[in-house]
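The values are calculated or read from the model by the stated rules, or taken from the named source; none is laboratory data. No experiment lies behind these values; they were computed from the predicted model shown. Please note: Cβ atoms are built from the backbone with ideal geometry, for glycine as well, and neighbour counts cover all protein chains shown. The accessibility values were calculated without ligands, DNA or RNA, using every heavy atom of the protein model including side chains. Shrake-Rupley method; radii C 1.70, N 1.55, O 1.52, S 1.80 Å.
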Amino acid sequence: MLDTQVIASSANVASEMKDLKGKYQQKELANLAHVSRSSIGHYGTGERNMTADVMQSLTSSLNENIAARKMLHKFSSYVVPFADRIEAHPLIFSAIAEKEEREEEEQAEKVLSLLAKVKEDIRPQERSEIKNYIGELLDSVFIDNSLLAALCDFYGFNLANLIEERSNIWRDAGYLMK
C-alpha cells in the first residue's frame, strides 16, 4: 500500500498515539500492530520510534482517519499533514475549503496565460506569480485532505478503504496507471 522508498525507516509518532490513547487499550493496539503491549507504551511516550511496517499495520487496521493521516505524514513527505490547530468538524473544513477554492481560482485566472508560455520565456516576476498560484494549490490540497479525514471520521468511514474502492474508477479514467 505505501511506497517504502518514500517512507522514512522510523518516526516519532507519540503525539498521534495520544489521540488513540482514550479510545483503545494498549493491548488492542498491540494486537493490531503485531507488537508487544510495552512497545505500544513506548511509542506513546516517545521513548521509541515506530517503524514503517508497525505504523502501516496500525493505521490500516483502525478506522481513525485523522490519526492515520498524522502518522503517515510523519513517515512520508508526500502525505499532506492534518490541520489539527482548529476543531476537526467537517463543516469548519468545508467552509475553509470553499474559501481556499475561491482564492485558488482567483490566482489561476491571473496565471493562466503564464502557464501557456514556454518555460524559458517566463520572466522572474512571472515565476513569482506562478509560485503564488502553487501556494494556493497547496493550501487547497491541505484543507481538502483535512476535510476528507474529518468527514470520514465523523461519519465512520475508513479513508483507506474508500481510496481503494475509488482506485478502479481512477484507473479507468486514466488518472492512475493500470
Q. Checking Glu47 against (1) assigned to a helix (DSSP H, G or I); (2) of a type outside the set (Ser, Thr, Tyr); (3) open to solvent by 30 Å² or more (accessible area, probe 1.4 Å), which test does it fail?
A. (1)
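Go through region 28-51 and give me each residue that's basic (Lys, Arg) and at pLDDT below 90. First the steps, then the outcome.
Just the residues of region 28-51 that are basic (Lys, Arg), to begin with: 37, 48.
Across region 28-51, the qualifying residue is only Arg48.
Tell me, please, whether a residue that is in a helix (DSSP H, G or I), under 30 Å from Ala33 (Cα atoms) and charged (D, E, K, R) can be found in region 149-158.
As a first pass, look at region 149-158 and keep what is in a helix (DSSP H, G or I): 149-155.
Filter once more, keeping what is under 30 Å from Ala33 (Cα atoms): 149-155.
Subset that is charged (D, E, K, R): 153.
Yes.
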Q: Select from region 137-178 the residues that are acidic (Asp, Glu) and within 17 Å of the chain's Cα centre (by Cα) and write down the one among them that is surrounded by the most Cβ atoms within 10 Å (Cβ to Cβ).
A: Asp153
Q. Within region 67-94, restricting attention to residues that are closer than 19 Å to Asp53 by Cβ and basic (Lys, Arg), which residue is most open to solvent (accessible area, probe 1.4 Å)?
A. Lys74
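Anything in region 30-54 that is among the aliphatic types (A, V, I, L, M) and over 19 Å from Phe75 (Cα atoms)? List them, or say none.
Kept after step one, since they are among the aliphatic types (A, V, I, L, M), are these residues of region 30-54: 30, 32-33, 35, 40, 50, 52, 54.
Result: Ala30, single match.
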Q: Considering only residues that are assigned to a helix (DSSP H, G or I) and either modelled with pLDDT under 90 or among the hydrophobic types (A, V, I, L, M, F, W, C) (or both), look in region 165-178 and name the one that is farthest from Val111 (Cα to Cα).
A: Ile169
